[in-house]
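Remarks on the structure that follows.
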Amino acid sequence: MEKATFGAGCFWGVEAAFRHVDGVTDTSVGYLGGTRENPTYDDVCTDETGHAEVVQVEYDPARVSYAQLLEVFWQIHDPTTLNCQGPDVGAQYRSAIFTHSPEQEAEARASKERAQASGRFVRPIVTEITPASTFWRAEEYHQRYLERRGMASCHI
């Protein structure tokens, strides 16, 4: 199994999208990219810790490629809005790809260039691509939040 980590707004809907991808074996929502040790949801919501709400995806590379996961990432959010997805505003909702290897970083950067050149997005893509730091798993009530409530998504 391999890991991929994405920030694309509120982690509930992002997690639900990736859970439906064939080859994804597990997902966890949490916080990454900030300065506070062991942050809580309340900490991250202050927009003062520097963390992004993220989904850490565990996947079987024999069944789904990292490139395919990147395609899902580009399709499920607007990567052209800085620190904002729909009604959610703040750096914790930023568009971000946190890479776990130099190969993932190179593939993410190439994918971003292809997405920008595709004409799918009118404005420039602002997605940050950075090496993954410590992943802090969110509180249990956030894990599979939509699934446990019988909801497919939380998008307006």
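Using alpha carbon coordinates only, what is the Rg to Rh ratio of the stretch 24-86, with Rh defined as the Kirkwood radius?
Values: Rg = 13.9 Å, Rh = 13.5 Å.
Radius of gyration relative to Kirkwood radius: 1.03.
Taking the Cβ-Cβ separation of residue 80 and residue 144 as r and a Förster radius of 35 Å, what is the calculated FRET efficiency to the nearest 0.05?
Details: r = 29 Å, r/R0 = 0.82.
That gives a FRET efficiency of 0.75.
Over every pair of different alpha-carbon atoms in the chain, take the mean of 1/r and invert it; report that Kirkwood radius in Å. Intermediate results must be reported in sequence, preceding the final value.
On the way: mean 1/r = 0.0646 Å⁻¹.
The answer is 15.5 Å.
With every protein chain present, what is the per residue accessible area of the chain (1.4 Å probe, Å²)? Let's see the in-between values first.
Numbers: 7760 Å² over 156 residues.
Dividing the accessible area of the chain by its residue count gives 50 Å².
Estimated at 0.36 nm per residue, the fully extended path between residue 134 and residue 47 surpasses their Cα-Cα distance by 29.5 nm.
Assuming R0 = 25 Å, what is the FRET efficiency of residue 1 and residue 37, from their Cβ-Cβ distance, to the nearest 0.05? List each step's numbers first, then the result.
Numbers: r = 26 Å, r/R0 = 1.06.
Plugging the Cβ-Cβ distance into 1/(1 + (r/R0)^6) gives 0.40.
Relative contact order, whole percent, for the chain stands at 33, derived from Cα pairs under 8 Å and 6 or more residues apart. The label-point distance for residue 123 and residue 101, in a model that sets each label 7 Å from Cα toward Cβ, rounds to 3.5 nm.
For the listed peptides 7-14, 116-123, 19-26, a ranking on the average number of other beta carbons within 10 Å per residue, highest first, reads 7-14, 19-26, 116-123.
Across the stretch 32-47, rounded Karplus estimates of 3J(HN,Hα) from the backbone phi angles (6.51 cos²θ - 1.76 cosθ + 1.60, θ = phi - 60°) give 8, x, x, 10, 7, 6, 6, x, 9, 4, 4, 4, 5, 5, 6, 6 Hz, Gly and Pro being marked x. Charge dipole of the stretch 48-90 (Cα centre as origin; +1 on each Lys and Arg Cβ, -1 on each Asp and Glu Cβ, all else neutral): 140 debye, rounded to the nearest 20. Each Lys and Arg Cβ is given +1 and each Asp and Glu Cβ -1; about its Cα centre, the chain then shows a dipole of about 420 debye.
Quote the FRET efficiency, to the nearest 0.05, computed for residue 89 versus residue 68 with a Förster distance R0 of 30 Å and r equal to the Cβ-Cβ distance.
Numbers: r = 30 Å, r/R0 = 0.99.
Computed FRET efficiency for residue 89 and residue 68: 0.50.
The values are calculated or read from the model by the stated rules, or taken from the named source; none is laboratory data. Keep in mind it's a predicted model, so treat the numbers as computed, not measured. As a convention, Cβ positions derive from the backbone with ideal geometry for all residues, glycine included, and neighbour counts pool all protein chains shown. Just so you know, the surface numbers come from the protein's heavy atoms only, side chains and all, with ligands and any DNA or RNA stripped out. Shrake-Rupley method; radii C 1.70, N 1.55, O 1.52, S 1.80 Å.
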